[in-house]
Structure formats: structure tokens, C-alpha cells
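Below: the structure, in C-alpha cells.
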Amino acid sequence: MNLNHIKSSTLLEIDNLSLSFQMYKGFVEQQQLEVISNLSVTVHSGEILAIVGSSGSGKSLLAHAILGILPENATIKGTLRYKDRILTSSYQEELRGEKLALVPQSVSYLDPLMKISGQVIGHKDKSKRKLALKNIFKRLELEEKTENMFPFQLSGGMARRVLVATAVIGDAELIIADEPTPGMQTDQALEALAIFRKLADEGKGIILITHDIDLALNFADNVAIFYAGTTLEITPPKDFLDGEHALRHPYSKALYRAMPQNGFTPLAGLQPYAGTITKGCPFAPRCAECMEQCKKEIPPMRKLRDGYVRCYYAT
Ligand SMILES: Nc1ncnc2c1ncn2[C@@H]1O[C@H](COP(=O)(O)OP(=O)(O)OP(=O)(O)O)[C@@H](O)[C@H]1O
Ligand code: NI
């Protein structure tokens, strides 16, 4: 859906990212708990990249790693580049809240002691943003009186719409929306996504983390499928609509079959817990196509048709 008149350039490049937590095992002994492993993903200007995957697959931690807001006991390996510059912590600090914006997954990110208008508008370009706020609130069906409320007076769905407004009001070039729509009514969720789409069409980059595959398919340019801390496939949405034969990874095909319109077929077994992830493909224990090689190692991403996959078997 990239507009032709915008020259699409790489905004964010993540190469071989691994993330682990230093955890206590008993009182003295410590262990490294790896929750993201060898993850590579790229976001271009003009692109909405949707990230879908089950709970605990590392989606929010990826968002926090990009923004540099991980807990102290987290260690990362690999490289993150923003506009061709390594994302060091000082570069992240410079970009955060300015060029990089987050719609956090939890509404507890709102400041409980500050009126909504102040939180959304922030400290820069106040008069310009005041006008923009009126427009965005209207689009997201937030009444004018919301501006003067405090977070505790908002319902969950209202708070999420406020978080979306806060992220889109500024001049961010890359917006990471971590589950922006739960609690919203369908028309409000569609409107929020339409705002992201418009921003992408104007040349911004959007990472949309969501459990709602249908929403992702309607608005995204590419869909990254996460499982147990890594990306197993990146696909254009049309392949999800064309049917399971068009998808590449056995896990993506299982996700497809689990969608309500495709029969709601559940997949037996569970995603492995962080810390129990072994060397091979994390999906191997649940995969009907699993070969010996898959248990030993997971292959790097390879291009397959107009998407990417990490799987020996996929054709
Ligand atoms: N501070 C932490 N210390 C240790 N482990 C953590 C910490 N934060 C998250 N984890 C673990 O990392 C894994 C990934 O968590 P993350 O929040 O990124 O998942 P997610 O894909 O965003 O899930 P959801 O869809 O439920 O939001 C989980 O197993 C979680 O328990
Ligand atoms: Ni999350």
C-alpha cells in the first residue's frame, strides 16, 4: 500500500536481536533467561508492519528494546539501527517521545495526576497540538470534556484512545502501537487503524502489535509472525487471505486454521516457556512437518515468494 510518490527508505533495522534477563534461581545462583533470540526485522517509511503471535512471544519486549525502556536486568545482543545509525542508549533517549512514539500496552502509562489534555499535548507546539487534539478526539469519539478528566475517570477503551491520540499528535517518524485497540468499539478500532494508515501513507513507519489478525490483515503492508521470541515468517497480508497454501511456515498455517472464518481449528500443545527454549526451531515440538534437522537448529530467514520464512521444510 506504499504510495509511489514517497520514496520508501529503511527506518528501523533489527539484526539478530537476542534479549535475556538475569534472574535469581534460589537465593544465590543466577541464570540467564533468554526471551528473544536471533530476531531480525526491518521497518520502512510508508509501511505498517503488523506483529502477531501468541501471548509471551516477546512482542512488547521488542517494542521496549527499540525504545530503550527495558528493565535493568535485561541484556541485549545484536544490532538495532534507526536511519542507518546504531541505536545507542543516548540516541534512543534523543528519539524517544520525539521521533519514536509508543502506544503502550498498559493504560497504567498514563500519569494519574495529570489532566488528559496536558498528557496528550505535551510540552512542544502547544497551540498547534491543541487544535490537532480536537480533531483527533473527534475522530476517536472522545467527547470534548475528556480533555479535563484525569485517567481514573476514563474507561479502559477511552484510556486506550487517549494513548493513541498521544502517540499520533506529535511528529514521530516511527510509531510502535502495542495492542492499541482492546476495549475499543469496532468503529473506534477501525478509526484508530485508519489514522495509522494515513500516517504511514504520509511516510511514517508503524509497528502494530496485535492479537487481532483480521485487523492486521486489513491495514498492514506486512505481517511478522512471532513465536517464542523469534520471527518465523514475514508475509504480505494477501497470502493470509489467499489461504493456507499461500503461507510459508507450518505455524502460520496453524494460525490460519485457528481463525474463526477458517474453522477455528485449535493447535495441540503449548508455546515453550521462556528459558526452556532449546536450540532448534521453537515450533518443532508441535510441528507435523518436523525433521531431525529442525530439532538441532533454526535456519536463518530466507526469501520465499514475496515473503520470508525460517523453516527447512517450507516451500
Ligand atoms: N522483566 C521481566 N523479567 C523476566 N521475564 C520477563 C520480563 N518481562 C517479560 N518477561 C517474559 O518475557 C516473555 C515475553 O514477554 P512479552 O511481554 O514481550 O510478551 P508479549 O508477546 O508482549 O505477550 P502479550 O501478547 O501477552 O502482551 C514472557 O515469557 C514474559 O514472561
Ligand atoms: Ni505484550
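Calculate, in nm to one decimal, what Ile76 and Thr315 gain on full extension: separation in residues at 0.36 nm each, minus their alpha carbon distance. Can you show the working numbers first?
Numbers: separation 239, 0.36 × 239 = 86.04 nm, distance 3.23 nm.
Stretched fully, the Ile76-Thr315 segment lengthens by 82.8 nm.
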Plugging the Cβ-Cβ distance of Arg85 and Asp306 into 1/(1 + (r/R0)^6) at R0 = 45 Å yields, to the nearest 0.05, a FRET efficiency of 0.95
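Please state the charge dipole magnitude for the range 39-164, taken about the Cα centre, from unit charges on C-beta atoms (+1 on K and R, -1 on D and E), reported in debye and rounded to the nearest 20.
I would put it at about 320 debye.
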The rounded separation in angstrom of the Cα centers of the range 205-220 and the range 66-145 is 19 Å
Quick calc, the range 148-259, dipole around Cα centre from Cβ unit charges on Lys, Arg (+) and Asp, Glu (-), nearest 20 debye, gives 180 debye
For the pair Glu292 and Met259, the simple spin-label estimate (label points 7 Å beyond Cα toward Cβ) gives in nm 3.7 nm
For the chain, longest principal axis from Cα atoms; helix 126-139 axis from its Cα atoms; angle between them, nearest 10 degrees, is 70 degrees
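What does the charge dipole of the chain about its Cα centre add up to, to the nearest 20 debye, if the Cβ of each Lys and Arg holds +1 and the Cβ of each Asp and Glu holds -1? Write out the running numbers ahead of the final one.
Values: 36 positive and 35 negative charges, 46 e Å.
Computed about the Cα centre, the dipole is about 220 debye.
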The ³J(HN,Hα) series, computed from each phi in the range 242-250 with the Karplus coefficients 6.51, -1.76 and 1.60 at θ = phi - 60°, rounded to the nearest Hz and given as x for glycine or proline, is 5, x, 5, 5, 7, 7, 10, 8, x
With the label point 7 Å along the Cα-to-beta-carbon line of Lys25 and a cut-off under 17 Å to each amide N, the hits in the range 246-289 are 273-279
Helix 186-201: inclination vs the chain longest Cα principal axis, degrees, rounded to 10, gives 90 degrees
At the level of C-alpha centres, the distance separating the range 172-199 and the range 26-46, in angstrom, is 26 Å
Excluding residues fewer than 8 positions from Lys138 in its own chain, the aspartates and glutamates with Cα under 17 Å of it are Glu147, Asp187, Glu191
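Throughout, read-outs are computed from the coordinates displayed, never taken from laboratory work. Note that the structure is predicted; figures quoted are calculated from it, not measured. Neighbour counts are summed over all protein chains in view; Cβ atoms, including those assigned to glycine, are modelled from backbone coordinates with ideal geometry.
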